[in-house]
Amino acid sequence: MLVKAGELRSPLVLRLRVVTCGPEDTDPEHFIMHDIEAFILAGGASRRMGTDKSQLLLGDVPLIQRIKNTLAGVAKRVAVVGPIDRDDPNVVPDVYPQWGALGGIHGALAACRSEWTIVVACDLPFVTSELVTQLVNLQNRHEAVVPIQPDGVPQPLCALYRVDPCLPRAVELIEAGYRRPLDLLEVVRTRWVGFSELSDLENSANFFVNINTPEDYYEATQMASAHKDLS
């Protein structure tokens with residue numbers, strides 16, 4: 001059954017409850033790290049950048065390849081959601097083209113063959129395997145695990161999703177006209193991870209540096225040059 005617009009709480013009344021990490025949340029043996037698949041979202045138009053930002057170089061490596069290298073250490077499969085490349089079998093299409101970030105998340109969920117998927121946007125080049133590991137360790141009894149940035153804004157494009165029930169709910173939302181990832185996170189059991197739970201990780205201040213414009217790209221290259229461990 002499709003969800004009708006009136007049946008969902010408006011995204012404007014979304015309230016984020018940041019749950020403090022406790023022993024019941026962190027049970028490494030409860031979840032096998034390599035039983036997740038990772039998907040990089042690369043289907044955006046890059047209008048503000050003026051060129052395909054997934055192929056921009058940072059430390060002589062394309063942004064998308066940097067993220068692939070990171071995720072390969074924590075997932076049994078790494079694929080890209082975006083325009084089909086016949087030379088790359090690890091590229092899967094958007095089932096709902098031009099449906100923005102929620103469409104990309106749906107594409108990842110639809111292509112995932114594991115119980116869980118980690119979704120990362122191609123313009124978040126400073127995501128680390130330690131960050132992903134922390135999110136995985138906090139998934140207990142939840143259906144999505146989403147970090148909160150230092151500015152208090154949730155980052156659903158660097159998050160963990162359980163395929164069932166997130167996939168059917170994503171379909172319902174899209175068919176009802178919803179487009180935002182937060183619309184999905186309102187209707188599943190979401191673990192909001194406060195930045196205080198991530199701040200002790202190495203390079204945490206840069207996890208959510210987002211590259212959307214030429215100015216963002218310049219700042220990221222300067223950051224990578226100044227901190228060789230980010231290159």
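The values are calculated or read from the model by the stated rules, or taken from the named source; none is laboratory data. Since we're looking at a predicted model, the values are computed, not measured. Because the Cβ atoms are built from the backbone with ideal geometry, glycine has one as well, and the counts that use them run over all protein chains shown.
Search the range 203-231 for residues being of a type in the set (A, V, I, L, M) and surrounded by 15 or more Cβ atoms within 10 Å (Cβ to Cβ), and hand back the single one that is modelled with the highest pLDDT. By that ranking, first place goes to Val209. Checked against (1) over 18 Å from Ala159 (Cβ atoms); (2) within 17 Å of the chain's Cα centre (by Cα); (3) not basic (Lys, Arg), Pro83 passes all but a single condition, namely (2). Restricting attention to the range 154-184, the residues that are part of a helix (DSSP H, G or I), among the hydrophobic types (A, V, I, L, M, F, W, C) and within 24 Å of Ala205 (Cα to Cα) total 1. Restricting the range 195-231 to residues that are more than 17 Å from Thr128 (Cα to Cα) and assigned to a loop (DSSP other than H, G, I, E, B) leaves a set whose member that is nearest to the chain's Cα centre (by Cα) is Asn212.
Output the residues belonging to the range 189-202 that are buried (at least 16 other Cβ atoms within 10 Å of the Cβ) and closer than 23 Å to Leu41 by Cβ. Across the range 189-202, the qualifying residues are Thr190, Arg191, Trp192, Val193, Phe195, Leu198.
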